[in-house]
Amino acid sequence: MRQDGGAQAGAGPREARRQRARRAASSRRPTMIDVANEARVSQTTVSLVLNHADGARLSAETRERVIKAATRLGYQQVRRGFAPGSAAAASIGFICDEISTDPWTAIGLDGVREKAWERGLTVMVMATRGDADMESAALAQLTAQPVVGLIYATINTRLIDAPAALSRAPAVLLNCHVANGALPSVVPGEVAGGHAATDVLIRAGHRRIGYVNGEASMEASRHRLRGYRQALATADLPFDPDLLREGNWQPISGYEAARELMSLKSPPTAIFCANDLMAVGCYEALHELGLRIPDDVAVMGYDDREIAQHLHPPLTTVLLPHFEMGSIAAEILLDAASGSTSRPRQIKVECPIVRRGSV
């Protein structure tokens, strides 16, 4: 594993990562992501603490850790004044299909909200639960307000038929896209993420890498699998269909897939799970089989859910960059509102590796 240049002598990998985060934050204005890394919590937790969400079920110890991390890094939430009745008092409209079933939309919303607040704007949020009538009503209400524009978000990365109402104001798609590219969109770079995750395993010396995919009908599953196969091809490793299993994103499917993979005549020495929840099930199966992670079998996840850092050993995974995606979507919208059209129609945001102890 690459050495962390500049870390204190004797510092462990976790402390070295925190030192790198502090050095990076010191060279620019610290972000909420920096605070999350320093406090070893999710971006959502940082947002809840720093926005004083007293109803959130967070321990006093977690709140204190976040506040101390923010203080150490010098993080400050930007607060710019409004000019009532002027363009600066306008809002961004944010409409999504789901906001509570998974953390991704909420994290993306945090990115939008922070970028908007830097410009003296608020965000109006509408969640439709995928109901077409509710969506129409929400869009009608939002476009009747003095909004700078609209951000239309989906919880699953997918191709959509854009509602006609999105033509009434500047609009940006978040975590979704349209076939003709008529609207700008911001999505995760899933193929590159799958490639990077597999490449980490290959560079660690693994040649038989099992892959537990999500549901094949989903775009994220198809793109992460494509990245896995491309990484194998780049390393001149053959794709073996026996090493591929389809799961359903839930821990039980990761458990069952890992048991099947390890029962092969020539089992894998590493297993790449297409999300962290399936990796949780994979861990359970390997522990039942008496196999040590990463000594006997390495495990790679995807998403960087909060549970990833609490597994034993902590899970190496791929970060879904929803906070950055939300921030970029807001920037595109604000640029469009000021007349700029210089950005590409679709931006794929890098999904970086989060190195922990499972590889």
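The values are calculated or read from the model by the stated rules, or taken from the named source; none is laboratory data. Treat the numbers as computed from the prediction; the structure is a model and nothing was measured. Backbone-built Cβ (ideal geometry, glycine too); neighbour counts: all protein chains shown. Ligands, DNA and RNA are excluded from the accessible area calculation, which covers all protein heavy atoms including side chains. Shrake-Rupley method; radii C 1.70, N 1.55, O 1.52, S 1.80 Å.
The table for this structure:
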| quantity | calculated |
| --- | --- |
| Kirkwood-based Rg to Rh ratio, region 317-359, C-alpha trace | 1.18 |
| With DNA, RNA and ligands ignored, accessible area of H195 (1.4 Å probe; Å², nearest 10) | 50 |
| Pairwise FRET efficiency - Q346 versus S100, Cβ, R0 = 30 Å, nearest 0.05 | 0.65 |
| Rounded Å value of the spacing that divides the Cα centres of region 235-273 and region 122-137 | 39 |
| Whole-percent carbon and sulfur share, accessible surface of region 89-145, 1.4 Å | 49 |
| Nonlocal amide H pairs with V148, under 5 Å, H built at 1.01 Å | S91, I92, G93 |
| Residues H310 and R355, FRET efficiency given R0 of 22 Å [Cβ-Cβ distance, rounded to 0.05] | 0.85 |
| Portion, in percent, of the accessible area of region 286-352 that falls on carbon or sulfur, probe 1.4 Å | 48 |
| Kirkwood-type radius of region 208-359, with distances r between different C-alpha atoms, in Å | 16.5 |
| Å² of accessible area per residue within region 223-359, as computed with a 1.4 Å probe and no ligands counted | 44 |
| Shape of region 213-283, Cα gyration tensor, a/c cut at 1.5 | oblate |
| Placed amide H near T154: partners under 5 Å, 5+ positions off or other chain | L174, C176 |
| Length added when fully stretched, D335-R29, from 0.36 nm per residue minus Cα-Cα | 108.0 nm |
| Virtual spin-label span in nm between R203 and R226, 7 Å along Cα→Cβ | 2.3 |
| Taking N as its residue count, the alpha carbon Rg of region 136-276 over 2.2 N^0.38 Å | 1.35 |
| Gain on full stretching of the segment that runs from A179 to R119 - 0.36 nm per residue minus C-alpha separation | 18.5 nm |
| Positive-end residue of S358, G290, F272, charge dipole of region 252-359 with Cβ unit charges | F272 |
| Rg in Å to one decimal, and Dmax rounded to a whole Å, for region 211-251 via C-alpha atoms | 10.6, 31 |
| Simple label model, 7 Å out from Cα along Cβ direction - N248 to D133, nm | 3.0 |
| Other-chain or far-sequence residues with amide H under 5 Å of V125's (modelled H) | F94 |
| Förster radius 41 Å - calculated FRET efficiency between E61 and F239, Cβ distance, rounded to 0.05 | 0.30 |
| Burial order of peptide ranges 162-170, 270-278, 148-156, 100-108 (average beta-carbon count within 10 Å, highest first) | 270-278, 148-156, 100-108, 162-170 |
